[in-house]
Amino acid sequence: MPAEKIACLGVNHHTAPVAVRERLAFSGDCSRPLAAIKELAGCDECCFLSTCNRVEALLVADPTAETIKAAREFLFAGSGLSEREVEQYTYLHIGSAAVRHVFRVAASLDSMVVGEPQILGQLKDAYRLAVEHNAAGPVLHRLLSKSFSVAKRIRTETSIGSSAVSISYAAVQLARKIFGDLSGRRVLLAGAGEMAELAAEHLLAQGIGKVVVANRTLERAMNLARRFNGEAVGLDELVPQLAGVDILISSTGAPGLILRKEEVRPIMRQRRHQPLFLIDIAVPRDLDPGLNDLDNVYLYDIDDLRQVVEVNKAQRKQEADKAERIVAEETIKFDHWLANMDLGPTIAELRRKADEIRRAETAKTLAGLPDLGLEGQKALELMGNAMLNKLLHHPMLFLKEEGTPEEKRRNLLLVRKIFGLDQSGGNGNGG
Amino acid sequence: MDILFQLVFAAYLAATATALVFFWTLNQRLRTVSRGLLLVAGLLHTGYLVARAVVSGHTPIASSHEAVSFFAWALTWAFLIFRWRYRVKNFGAFVTPMITILMIVALFSPRQVVDLPPALQSWWLPAHASIALMANAMLALAFCGGIMFLLQEREIKRKRLGFFAERLPSLEALDNLNQHCLSIGFPLLTMGIITGSVWARQAWGAYWQWDPKETWSLITWLIYAAILHQRFTVGWRRRRAAIMAIVGFGAVLFTLWGVNFFLGGVHSYAG
């Protein structure tokens, strides 16, 4: 099967501003879009992922652009964007680039805060949904389960994950340095990013009193607020809301500042100078750096938090490089597997494997029979060959059987599994 | 009696040293040792004050040595009682050096027992002087809390959490400390001034005669009154409250010593 059949189409925080991502708004139930994409002509397998920072469709489709185009149209239906804009905001990875992308997403190398662990769970949920809806076939099974093991490998072999966890841990530690006991304190989440959720979860675990979620679209805010048992407000209420909260975690995708020093100064008087801990984890920044100069206001951006946990910048770069190397390595491995998914290579491989066995066993037998004449030896080799050919005859027919592409791929996988063609050094092939 | 004083001094010194080493190394055993030593020092100090009272026949707050020594004693017990009611992480590392400094001042002041002039022989002496010095002790605790607050806040603001961030309590706890100390210290200070005034009426016939010490007590009182007023009305807290606690304590120290050195007046024969 040509690798070009795997395609990944989507928008994320790198390619589209939050305003665009929000217009896609597939919050909550993903089964409807999943089912719709599965029904597109030429789509063999699909998986649909929607998080705060990304919406992507992973397709195994006919290598004509039609299916991808239809999928793109579906994603942006109702967004009111022109076709040119749509193309500008989306990315499309095909073949190994798509494989690499999926691995990077799973390993959280593509996240707003590199290394944050939630994306893996979200990807797993998307995969589970695809399995439940019979949308995932052999290729996606392999690709996604491989992506989970790649993520795991990167997590254990590099310190990329610990950095994100320790950043939100650092935020909690700082909050404790400022407020002491966190119970009864209120936290306001502005924007709903993966990292903000992680930090909010840590704070909740520390007994924070209440979570308020402010978002441009109230619907999304409400979804998140429900998760934290909190309250939802619009982003335009941010400044008045500050009068009643103690911690603000800001992660909107706004292009400019959403909160300025001059707006907070009068609020501090209203707060009777109760301290305010501002955490800015958005890139570009949401909060005016000058805010830190106000009395009783403590502003930390993502780099400050990193500095607190003393994760050295050079070391971080090194870890990221290591992770990218792992991704590249695993992508090559996957491409290799994918190439073998074609009939020709599988048949050749099967024959090669059978031949190897025959040769090894014949040699072993002959070594124990030194009296056997040349003729006897020839007869023994012929017998081995004939047995193998007979034995492989039906599996070969089975492989060449006509059927839908999906059936054929399933058969191929089955044969590969029965004959252990994907096992290298006992390194399981199930992924 | 000199030996007893030296013993007290040595105990304070040892408590301070272990508290500082604990602050540096965070070895939990040293903290217990330091606390024990301070308790021993406090008890010995009490014995010393009693012995002095017996020898002189009056409350030992008459000379400069006695006043400073009493101040240190009050600070020790204020701290110990405070810790028993309300725990502040590593507070001891800041309070014990202060006690030791006071004791050094006491060490170098003339230690002979003085006879009280007849004008001062009154029950108002122990009442006025001990209340005023206990107020000073509480205000000294607020001062230590203020220093700790500023150190901690500086590291948080500069985003370099290092030596102090690890060792000091949260800003909230330090601000509460400030409030607790002031809400005990300020009423004591008020009572100290009132008892002094009543005693002045008895001894010299006038409640208030704008003697430099009286004036400075009033200034000190006004500073603390302003701090508390601002805290409860507009919410002067935290950084500002910490700075004001330090400034206020500067006024306390000036009232206690500066006035005697620079200005003289009716209190000049006493601490």
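The values are calculated or read from the model by the stated rules, or taken from the named source; none is laboratory data. Every value quoted in this text rests on a predicted model; they were computed, and no experiment measured them. Heads up, the Cβs are rebuilt from the backbone with ideal geometry, glycines too, and the neighbour counts pull from every protein chain shown. Keep in mind that these areas ignore ligands, DNA and RNA; they rest on the heavy atoms of the full protein, side chains included. Shrake-Rupley method; radii C 1.70, N 1.55, O 1.52, S 1.80 Å.
Here A:GLU116 passes the criteria (1) among the acidic types (Asp, Glu); (2) in a helix (DSSP H, G or I); (3) surrounded by 17 or more Cβ atoms within 10 Å (Cβ to Cβ) except the one numbered (2). Only one entry of B:ALA142, B:ALA132, B:ALA106, B:ALA93 meets the criterion of being buried (at least 17 other Cβ atoms within 10 Å of the Cβ), within 28 Å of B:TRP204 (Cα to Cα), more than 14 Å from chain A (Cβ to nearest Cβ) and among the small types (Gly, Ala, Ser), and that entry is B:ALA132.
State which residue is least open to solvent (accessible area, probe 1.4 Å) when the search covers only the stretch A:239-264 and only residues that are of a type in the set (D, E, K, R) and more than 14 Å from every other protein chain (Cβ to nearest Cβ). My answer is A:LYS261.
Contact list please: Cβ distance under 9 Å, first residue in the stretch A:353-366 and assigned by TED's automatic domain parsing to the domain that holds A:LEU392, second residue of a type in the set (Asp, Glu), pairs at least six apart or on different chains. Pairs that qualify, where the first residue is assigned by TED's automatic domain parsing to the domain that holds A:LEU392 and the partner is of a type in the set (Asp, Glu), are A:ARG358/A:GLU381; A:ARG359/A:GLU381; A:THR362/A:GLU381; A:LEU366/A:GLU381. B:ILE156: buried (at least 18 other Cβ atoms within 10 Å of the Cβ), of a type in the set (A, V, I, L, M) and within 14 Å of chain A (Cβ to nearest Cβ), yes or no? Criteria met by B:ILE156. Those residues that are of a type outside the set (Phe, Trp, Tyr) and either within 9 Å of A:ALA130 (Cβ to Cβ) or buried (at least 24 other Cβ atoms within 10 Å of the Cβ) (or both), I need them from the stretch A:38-48; list them, please. A:LYS38, A:GLU45, A:CYS46, A:CYS47, listed by residue number.
If you check A:ALA225, A:ALA254 for being part of a helix (DSSP H, G or I), under 24 Å from the mean Cα position of the chain (by Cα) and under 26 Å from A:ALA170 (Cβ atoms), only one passes: A:ALA225.
Only one of A:ARG100, A:ARG142, A:ARG84, A:ARG104 is of a type in the set (D, E, K, R), assigned by TED's automatic domain parsing to the domain that holds A:HIS13 and closer than 19 Å to A:SER162 by Cα; which?
When all the criteria are applied, what remains is A:ARG104.
In summary, B:LEU37 fulfils each of the numbered conditions (1) open to solvent by less than 10 Å² (accessible area, probe 1.4 Å); (2) more than 18 Å from B:ALA135 (Cβ to Cβ); (3) modelled with pLDDT of 90 or more with the single exception of condition (1). Taking the stretch B:160-271 as the region of interest, the helices (runs of 4 or more DSSP H) fully inside it that hold 2 or more residues being more than 14 Å from chain A (Cβ to nearest Cβ), modelled with pLDDT of 90 or more and surrounded by fewer than 18 Cβ atoms within 10 Å (Cβ to Cβ) are B:171-204, B:212-233, B:238-253. Pull up the stretch A:173-207, narrow it to residues that are within 14 Å of chain B (Cβ to nearest Cβ) and not in a helix (DSSP H, G or I), then point me to the one that is nearest to the chain's Cα centre (by Cα). The qualifying residue nearest to the chain's Cα centre (by Cα) is A:GLN206.
A:VAL297 fulfils the conditions (1) open to solvent by 20 Å² or more (accessible area, probe 1.4 Å); (2) at pLDDT 80 or above; (3) closer than 30 Å to A:GLU262 by Cα except for a single criterion, (1). Assessment of the stretch A:324-332 against the conditions (closer than 26 Å to A:ILE94 by Cβ, at pLDDT 85 or above and open to solvent by 90 Å² or more (accessible area, probe 1.4 Å)) yields at least one matching residue.
Screening A:HIS273 against (1) within 14 Å of another protein chain (Cβ to nearest Cβ); (2) part of a loop (DSSP other than H, G, I, E, B); (3) under 34 Å from the mean Cα position of the chain (by Cα) leaves a single unmet condition, (3).
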